[in-house]
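Engineer: Structure incoming, see below.
Derivation of every value follows stated rules applied to the coordinates shown; laboratory data play no part. Everything numeric here is computed off the predicted structure, so don't read it as measured data. Because the Cβ atoms are built from the backbone with ideal geometry, glycine has one as well, and the counts that use them run over all protein chains shown.
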Amino acid sequence: MSASFAPECTELKKSYDNCFNEWYSEKFLKGKSVQNECEETWIAYQQCVEKALEKQGIKPMLEDARKDAPFEKGGVLEQNKDSKKD
């Protein structure tokens, strides 16, 4: 398991990785559970990462990049209805 890009989030990442790996190998693969039991840990880690992105000034750049090349529809931009087709 690797460290988080944000050092302040590394412990939360390790906690989530450990929780997920245990759930996946001991419960999911053995047919004992299909519900990811680590959701709360994931949310805490995700919130930490969001704060770090904001603090480091990365979040606005990500938002701009998502506007230019969104992941919806496989990353393919829809043709602007007002633009001319060549």
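Engineer: Give the calculated FRET efficiency between M1 and E63 to the nearest 0.05, with a Förster radius of 35 Å applied to their Cβ-Cβ distance.
Structural biologist: Result of the calculation: an efficiency of 0.80.
Engineer: Over 29 Å between Cα atoms: which of K14/K59; K32/K55; K27/K67; K13/K59; K14/K51 fall into that group?
Structural biologist: Distance filter (> 29 Å) returns K32/K55; K27/K67.
Engineer: Now a separate question. Can you give the net charge of the other residues whose Cβ lies under 14 Å from the Cβ of E63, counting K and R as +1 and D and E as -1?
Structural biologist: Once all neighbours under 14 Å are counted, the net charge is -1.
Engineer: Could you work out the Kirkwood radius for segment 21-72, taking every pair of different alpha carbons, averaging 1/r and inverting it, reported in Å?
Structural biologist: Evaluated over segment 21-72, this radius sits at 13.5 Å.
Engineer: Using only Cα atoms, what Kirkwood radius does segment 9-51 have, in angstroms?
Structural biologist: So the Kirkwood estimate lands at 10.6 Å.
Engineer: Under 10 Å from the Cβ of E37, count the other residues' Cβ atoms, weight Lys and Arg +1, Asp and Glu -1, and hand me the total.
Structural biologist: Here the charged neighbours net out to -2.
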